[in-house]
Amino acid sequence: MRKYLTSLFVFFSFSLFAQQKTQITLHPDKADRAIPKEIYGQFAEHLGTCIYGGIWVGEDSPIPNKNGYRTDVLNALKELKVPVIRWPGGCFADEYHWMDGIGPRENRPTMVNTNWGGTIEDNSFGTHEFLNFCELVGAEPYISGNVGSGTVEEMAKWVEYMTSDGNSPMANLRRENGRDKPWKVKYFGVGNESWGCGGNMRPEFYADLYRQYQTYCRNYGDNRLYKVASGASDYDYNWTEVLMKNAARHMHGLSVHYYTVKGWSGSKGSATHFTEDDFYWTMGKALEIEHVIQKHIEIMDKYDPQKRVGLLMDEWGTWWDEEPGTVRGHLYQQNALRDAFVASLTFDIFHKYTDRLSMANIAQMVNVLQAMILTNDKGEMVLTPTYHVFNMYKVHQDATYLPMNIQTEKMDVRDDRAVPVVSATASKDKTGAIHISLSNVDARGSREVTIELPDMKNKSVKGEILTSANLTDHNTFENPNKVQVTSFNGISKTNNGLVVKLPAKSIVTLKIG
Ligand code: AHR
């Protein structure tokens, strides 16, 4: 009953506001930084079919591949301009022993992937396969080291193996395994979720372990590590407090994880069967990441007012029930237009905090949680609505962030959350072009947005739009283009800017100039 009443309330309050306009004013004069491309990072864990089947099929597979990597996936990722990929976990990282994943594949030992369905891991995708994959995609690697069940020595040797150019034992072992020159590895995570699957530690204990482990992660040659301490889960501000107090000077970055999830026990809800009310709740929960970021930053500012230590949101995204009929523990979920909104709203927030937020990695890249890409073993691939948002938003990578004022009505949704109907962000790229991304979360009503912009007369404006008939629409192997990007015509120039007519439930990116 409550659900029904809330839906009615949301619907009627929206109808009342249907004619209300949204007003955006850009402040290029206040532009003082670029949006680091690393905000658009990915996460690829040994989990379900993310790596095996999704990225890696091996050289002998009938599925078209380049050196064992699926060609279709590789090309789709190149198109996205993926800046950085976090690997091998997640929870898997704290059970991963890197030496099992080097040398001739037929000699590599197997292990049980205890976190993710008890699947047998054959280690055929290891350090070489991952780092060569990053080179092919054009992404920086972000390695997660094992603190939970690994040793200091093991971690230290992994860094030496990957990055030493000298006549050192690990560099020579790498050469024996076919790679002469070291890879460039900048980002190195010292443990993952050490408060949970990474060892169930207390923050005081982990802070000391972090200090110890990171000491032996050396810089070889001109490789400079950016060391990341395992951070808090969403609302655990004490973890950040203790880590910053005790270990800040030994870290370059501190992570935090935030999932748009209904809870950790019981059903998380279906990815594709949900009501409008569920949709608005999801928007509210996704937007709450802003408050979480602010609180962690507030604590970091106390210990590091110079903002030397970066905040890395190295796991984020939606978490729904696994698709019926799929392997339990493999976290395979579909991805609807709703997920696309979680991505666009989240990026709009991330852009605001890049004076501290230095990276973000969506969970996960292929076939797991809020994936960019879904694949099957017939060699088919689907690009999800989330993929399309990443593609539309890639224009903001490394562009100058343009602060804005946005006046738009808010709606109240379940759990006392207020959701602005229109969300937006803007940036200016190196050619001088301005890109503005706009999301209208009203499921039923269009919105007129007025954007103040000087000197529009001689400028060209183009737009693209992502929308679909239903919020639950998603792409399948049978119908891969149900939700897709098309060109957008709802723009008119005025004397002092633009008027944009955003259809209901739509995401738009404009290019001006
Ligand atoms: O992304 C799935 C899992 O979620 C990761 O392995 C873990 O770090 C988090 O709890």
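The values are calculated or read from the model by the stated rules, or taken from the named source; none is laboratory data. As the structure is a prediction and not an experimental result, all values here were calculated from the model. A quick note on method: Cβ atoms are made from the backbone with ideal geometry, for glycine too, and the neighbour counts reach across all protein chains shown.
Points worth noting:
- Residues that are touching a Ser or Thr at 6+ places or on another chain (Cβ under 9 Å), hydrophobic (A, V, I, L, M, F, W, C) and not in a helix (DSSP H, G or I), drawn from the stretch 24-42: 24, 31, 34, 35
- Residue that is farthest from the ligand (Cβ to nearest atom), among those in the stretch 74-103 that are assigned to a helix (DSSP H, G or I) and in contact with a Lys or Arg (Cβ under 7 Å, 6 or more places away or on another chain): 74
- Taking the numbered list (1) under 24 Å from residue 92 (Cα atoms); (2) under 14 Å from the mean Cα position of the chain (by Cα) in turn, residue 344 passes all entries but (1).
- Per the conditions (1) small (Gly, Ala, Ser); (2) over 29 Å from residue 505 (Cβ atoms); (3) over 20 Å from the mean Cα position of the chain (by Cα), the sole criterion not satisfied by residue 253 is (3).
- Residue that is nearest to residue 312 (Cα to Cα) [pool: residues in the stretch 138-154 that are away from the ligand (no atom under 16 Å from the Cβ) and in contact with a helix residue (DSSP H, G or I) (Cβ under 6 Å, 6 or more places away or on another chain)]: 141
- Within the stretch 112-121, considering residues that are surrounded by fewer than 18 Cβ atoms within 10 Å (Cβ to Cβ) and among the hydrophobic types (A, V, I, L, M, F, W, C), the one nearest to the ligand (Cβ to nearest atom): 112
This table checks each residue for (1) surrounded by 15 or more Cβ atoms within 10 Å (Cβ to Cβ); (2) of a type outside the set (Ser, Thr, Tyr); (3) more than 20 Å from residue 347 (Cβ to Cβ).
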site: 444; (1), (2), (3): no, yes, yes
site: 448; (1), (2), (3): yes, yes, yes
site: 457; (1), (2), (3): no, yes, yes
site: 461; (1), (2), (3): yes, yes, yes
site: 481; (1), (2), (3): no, yes, yes
site: 487; (1), (2), (3): no, no, yes
site: 491; (1), (2), (3): yes, yes, yes
site: 498; (1), (2), (3): yes, yes, yes
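- Taken over the stretch 45-62, the criterion of being buried (at least 20 other Cβ atoms within 10 Å of the Cβ) and away from the ligand (no atom under 16 Å from the Cβ) is satisfied by 56, 57.
- Residue selection: residue 258 fails the criterion of being under 24 Å from residue 405 (Cα atoms) and touching a strand residue (DSSP E or B) at 6+ places or on another chain (Cβ under 8 Å).
- Any hit, the stretch 419-427, residues being within 16 Å of the ligand (Cβ to nearest atom) and at pLDDT 95 or above: no
- Residue match in the stretch 323-339 (condition: charged (D, E, K, R), under 28 Å from residue 469 (Cβ atoms) and surrounded by fewer than 23 Cβ atoms within 10 Å (Cβ to Cβ)): yes
- Elements of type strands (runs of 3 or more DSSP E) in the stretch 426-513, at least 1 residues being among the basic types (Lys, Arg): 447-452, 461-467, 491-494, 497-502, 506-512
- Answer residue from the stretch 197-218, given it is in contact (Cβ under 8 Å) with a residue 60 or more places away in the chain and small (Gly, Ala, Ser) and is nearest to the ligand (Cβ to nearest atom) among those: 198
- Hits in the stretch 172-196 (condition: within 16 Å of the ligand (Cβ to nearest atom), more than 20 Å from the chain's Cα centre (by Cα) and not small (Gly, Ala, Ser)): 195
- Complete set of residues in the stretch 131-160 that are over 21 Å from residue 180 (Cα atoms) and crowded, with 20+ Cβ neighbours inside 10 Å: 144, 145, 146, 147, 148
- Out of 330, 291, 296, sole residue that is touching a residue at least 24 places away in the same chain (Cβ under 8 Å) and either among the basic types (Lys, Arg) or farther than 27 Å from residue 391 by Cβ (or both): 296
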